Number of protein chains: 2
Amino acid sequence: MAYTYDHPHPAVTVDIVVFTVKAGRLAAVLIQRAEWPHAGKWALPGGFVDIDESLKRAAFRELREETGLSAAYLEQLGAFGRPDRDPRERVITVVYIALAPADRLELQAGSDAQDARLFYVEELPELAFDHARIIGHAIERVRDRLDTAAIARRLMPKSFTLSELQHACEAVSGTPIDKRNFRKKLAALELVEATGELLQGGAHRPAKLFRIKP
Amino acid sequence: MAYTYDHPHPAVTVDIVVFTVKAGRLAAVLIQRAEWPHAGKWALPGGFVDIDESLKRAAFRELREETGLSAAYLEQLGAFGRPDRDPRERVITVVYIALAPADRLELQAGSDAQDARLFYVEELPELAFDHARIIGHAIERVRDRLDTAAIARRLMPKSFTLSELQHACEAVSGTPIDKRNFRKKLAALELVEATGELLQGGAHRPAKLFRIKP
DNA sequence: GCAAAAGTGTTTGAGGTACACCCATGC
DNA sequence: GCATGGGTGTACCTCAAACACTTTTGC
């Protein structure tokens, strides 16, 4: 089947920067490319936009196909379209940022053709295309727009300790936060409530578990 | 000349929301369409992205062609790509926001085929395509990201009175500002300096003129 | 008992907001 | 002289930042 136009058309893809917090650090999902171009390098999950599909719908579809996430927060970062960013043809990509708790990701790790993994954002491997630049913009966006409430709602699992939430906030902002000020602000936000459970297991005093208030 | 692909490709355009401040109100440039679809309705300036041209370069080119602006602040708002937004074919548009002082715009007003005009954003005419939605997003973006310094640098002419600057800030934010607080903050910002000139002409005390500090 | 993280209040400074009157000009 | 916008200072309140010790557990 061939499709013909009277002036040249670029291809359009969506790519998704899937952020999560793992071990108190900000991390993103990357997929190892199996084919030319950039075979062996890591890249953002993504793919072509179907001709009858909205951009956001395409992003959701790719997100589901590559991470198993069926419902996640998704926001558009923007379009990237330098003429030479893909050696195959002119490709304009629309990038979305997804946020999800690490325990909801289902990566097809090391299954076969392509490997999907989480990488801490300070330890990214060599990236295909202009994806390093794209992730840079995504990190910048997340750093200065995600506040405590958004982090609690979108990056934390169902229940968590206040220290875990604080570490997530520190991972996103990239700066240390004072424990008492953090808890004072949380109390004022009326954002979380204690579940009544305790998290046992550390060689230290057990921490109360919290959840998002409805 | 025909261009053939083995899967369908959308067309990609750039559209530009050119904001300025006129008579103390926020205004945007619109162009009246001469042809189907939406003949007679008003639309954002824009056009197709050339196959070898970056998105930003395309936006600058269209901006120059349709408003005479050769250097303006330009930032990407995002991509809009619902499948049915253009009845001719699938068109994905990447939207940029431009900011310029009103005295630098050179609109080809009423010349012939297409008419270009400024409209106050609270008095927009019926718009073509999904441009009403796009302008809505652009206004939202500008409202919560443009601060006093950006307004002074990007929307004001070479010299201006403090009241003019204040009115511009009020037009952008959509809320009234206290005069003394505004001037106190301006002083703290060390953003502007008096030119020494006065603006005569009103039936009242003449105002000092200011310029951006280098 | 010691290492390791949990939990808990007060003080200070900066910045934002509210608010009212006199001044210089054109008519 | 009056209408019109230009120009000026103080008091209060809110919010962010700095800062140290006790508690509970595992080993």
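The values are calculated or read from the model by the stated rules, or taken from the named source; none is laboratory data. Since we're looking at a predicted model, the values are computed, not measured. Methodologically, a virtual Cβ is constructed for each residue, glycine included, from the backbone with ideal geometry; neighbour enumeration extends over all protein chains shown.
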Of all strands (runs of 3 or more DSSP E) fully inside region A:1-112, the set with 3 or more residues that are at pLDDT 95 or above and in the same structural domain as A:LEU127 (by TED's automatic domain parsing) is A:11-22, A:25-32, A:46-48, A:73-80, A:91-99
Considering each residue of region B:174-214, count those that are of a type in the set (S, T, N, Q), more than 10 Å from DNA strand D (Cβ to nearest atom) and free of Cβ contacts under 8 Å to residues at least 12 places away in the same chain, and give that number.
2
With criteria (1) farther than 23 Å from B:ALA72 by Cβ; (2) under 19 Å from the mean Cα position of the chain (by Cα); (3) not acidic (Asp, Glu), B:ALA152 comes up short on (1)
So which residues in region A:167-214 are under 20 Å from A:ARG143 (Cα atoms) and in a loop (DSSP other than H, G, I, E, B)?
A:GLY174, A:THR175, A:PRO176, A:ILE177, A:ASP178
Here is a list: B:LEU165, B:LEU198. Which entry is away from chain A (no Cβ under 14 Å), farther than 19 Å from B:VAL17 by Cα and within 15 Å of DNA strand C (Cβ to nearest atom)?
B:LEU198
Within region B:33-58, can you find the residues that are touching a residue at least 40 places away in the same chain (Cβ under 8 Å), over 20 Å from B:ARG90 (Cβ atoms) and either away from chain A (no Cβ under 14 Å) or touching a helix residue (DSSP H, G or I) at 6+ places or on another chain (Cβ under 9 Å) (or both)?
B:ALA34, B:LYS41, B:TRP42, B:PRO45
Residue within region A:179-189 that is away from DNA strand C (no atom under 16 Å from the Cβ) and surrounded by fewer than 19 Cβ atoms within 10 Å (Cβ to Cβ) present
no
Of the conditions (1) surrounded by fewer than 17 Cβ atoms within 10 Å (Cβ to Cβ); (2) acidic (Asp, Glu); (3) in contact (Cβ under 8 Å) with a residue 40 or more places away in the chain, the single one that A:GLU66 does not satisfy is (1)
Going residue by residue through region A:126-141, is there one that turns out to be touching a strand residue (DSSP E or B) at 6+ places or on another chain (Cβ under 7 Å), assigned to a helix (DSSP H, G or I) and within 16 Å of DNA strand D (Cβ to nearest atom)?
no
